[in-house]
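Undergrad: Quick one: the structure is below, and I'll ask about it shortly.
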Amino acid sequence: MAHSPRFLNLVNDAKSRVREVDLATILAWREEGQPFTLIDVREESEWAEDHIPDAVYLGRGVLERDVEAMCPDPNARLVLYCGGGFRSALAGDSLQRMGYGDVWSLAGGIKAWWTRSPR
């Protein structure tokens, strides 16, 4: 998908503040039993089509409104993903502004998962 320059500028600005994590690290965290919440921030139709096992759905449209009910601890580790890592960076930036301190964006989004584990 071709993205507009203004959108890419916005994403790059968010990525300057939000940490990215690769899929191998997330899989290692799972194996080690490290606690984290994996949040799919895509559209509901994308979630219905496919999502990473053990992920929870909290779309970008309601993320800021509903996150505290799902994750009341602002120190909890939250790993966000979308299709390719752009929307999750924007969402992560927003959560950090809300006071969440351990927020990560999955580099490559669900596409990284598909590469590892095709649908």
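The values are calculated or read from the model by the stated rules, or taken from the named source; none is laboratory data. Remember, it's a predicted structure, so these values are computed and weren't measured experimentally. A quick note on method: Cβ atoms are made from the backbone with ideal geometry, for glycine too, and the neighbour counts reach across all protein chains shown.
Undergrad: Being within 12 Å of the chain's Cα centre (by Cα), within 17 Å of Arg97 (Cα to Cα) and either polar (S, T, N, Q) or surrounded by fewer than 17 Cβ atoms within 10 Å (Cβ to Cβ) (or both) is the filter here; which residues of the range 7-30 pass it?
TA: Arg19, Glu20
Undergrad: How many residues does the range 31-80 contain that are small (Gly, Ala, Ser) and either buried (at least 16 other Cβ atoms within 10 Å of the Cβ) or part of a strand (DSSP E or B) (or both)?
TA: So the count comes out to 2.
Undergrad: Among the listed residues Met70, Met1, which satisfies the condition of being hydrophobic (A, V, I, L, M, F, W, C) and modelled with pLDDT under 95?
TA: Just one listed residue meets the conditions, Met1.
Undergrad: Sort out which residues of the range 6-21 are in contact with a helix residue (DSSP H, G or I) (Cβ under 7 Å, 6 or more places away or on another chain) and of a type in the set (D, E, K, R), and write them in order of number.
TA: Listed by number, the residues that qualify are Lys15, Arg17.
Undergrad: With the structure loaded, tell me whether Gly109 is surrounded by fewer than 19 Cβ atoms within 10 Å (Cβ to Cβ), touching a helix residue (DSSP H, G or I) at 6+ places or on another chain (Cβ under 8 Å), over 21 Å from Pro35 (Cβ atoms) and at pLDDT 95 or above or whether it fails that test.
TA: no
Undergrad: For Tyr81, which of the numbered conditions (1) farther than 21 Å from Glu44 by Cα; (2) in contact with an Asp or Glu (Cβ under 7 Å, 6 or more places away or on another chain); (3) aromatic (Phe, Trp, Tyr) fails to hold?
TA: (1) is the only condition that Tyr81 fails.
Undergrad: Now, a different point. Output yes when any residue across the range 70-77 is closer than 22 Å to Trp29 by Cβ and without any contact (Cβ under 8 Å) to a residue 12 or more places away in the chain, and no when none is.
TA: yes
Undergrad: Also, I was wondering about something else. With the requirement that a residue be assigned to a helix (DSSP H, G or I), in contact with a strand residue (DSSP E or B) (Cβ under 9 Å, 6 or more places away or on another chain) and on the phi < 0 side of the Ramachandran plot, what does the range 95-119 give you?
TA: Those that are assigned to a helix (DSSP H, G or I), in contact with a strand residue (DSSP E or B) (Cβ under 9 Å, 6 or more places away or on another chain) and on the phi < 0 side of the Ramachandran plot: Leu95, Gln96, Ile110, Ala112, Trp113.
Undergrad: Among the numbered conditions (1) over 17 Å from Ile26 (Cα atoms); (2) free of Cβ contacts under 8 Å to residues at least 40 places away in the same chain, tell me where Asp54 comes up short.
TA: (1)
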